[in-house]
Amino acid sequence: MEPSPKDGESAAAEPGRGGTAPSSGVVVQVREKKGPLRAAIPYMPFPVAVICLFLNTFVPGLGTFVSAFTVLCGARTDLPDRHMCCVFWLNIAAALIQILTAIVMVGWIMSIFWGMDMVILASKYS
């Protein structure tokens with residue numbers, strides 16, 4: 001029976017213990033699946049996205065409401081197969097959900113995360 005390694009000793013130091021095994025070369029790809037509301041967030045210029053985040057932080061849903069109009073101005077989204085007006089109304093619906101549920105803090109938190117997603121998408125876009 002072999003003694004187990006003590007605290008401070010690692011099993012990697014012993015060659016027969018499976019410490020540093022060679023890499024098997026497996027590639028894992030993770031793809032995020034977005035729902036229709038989340039995929040409707042427009043790719044805006046960075047300053048506009050920061051303004052929308054600021055608005056969403058202090059008045060829940062207002063920045064999302066403003067971002068809906070950027071879709072009508074030509075901002076692209078992750079919903080290329082849907083018409084511009086449909087994406088506009090999806091953003092309006094998200095803004096209304098944020099405004100109506102802000103009373104119980106859920107909408108306010110959702111609104112801040114929505115604004116952060118806008119900034120993240122804007123930084124990837126530019």
Item to check | segment 33-57 residues near the modelled D117 label - backbone nitrogen below 13 Å, point 7 Å along Cα→Cβ | outcome: 33-43
Item to check | When segment 43-101 is reduced to its Cα atoms, the Kirkwood hydrodynamic radius in Å | outcome: 11.5 Å
Item to check | Residues of segment 43-101: accessible area per residue with a 1.4 Å probe, Å² | outcome: 54 Å²
Checklist entry - Given R₀ = 41 Å, FRET efficiency for D81-V30 by Cβ-Cβ distance, to 0.05? => result 0.95
Checklist entry - Measuring from centroid to centroid over Cα atoms, what is the spacing of segment 32-47 and segment 66-104 in Å? => result 9 Å
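The values are calculated or read from the model by the stated rules, or taken from the named source; none is laboratory data. Just so you know, these numbers come straight off a predicted model, no measurement behind them. No Cβ is skipped: glycine too gets one built from the backbone with ideal geometry, and neighbour counts run over all protein chains shown. Just the protein is used for accessible areas: all its heavy atoms, side chains included, with ligands, DNA and RNA removed. Shrake-Rupley method; radii C 1.70, N 1.55, O 1.52, S 1.80 Å.
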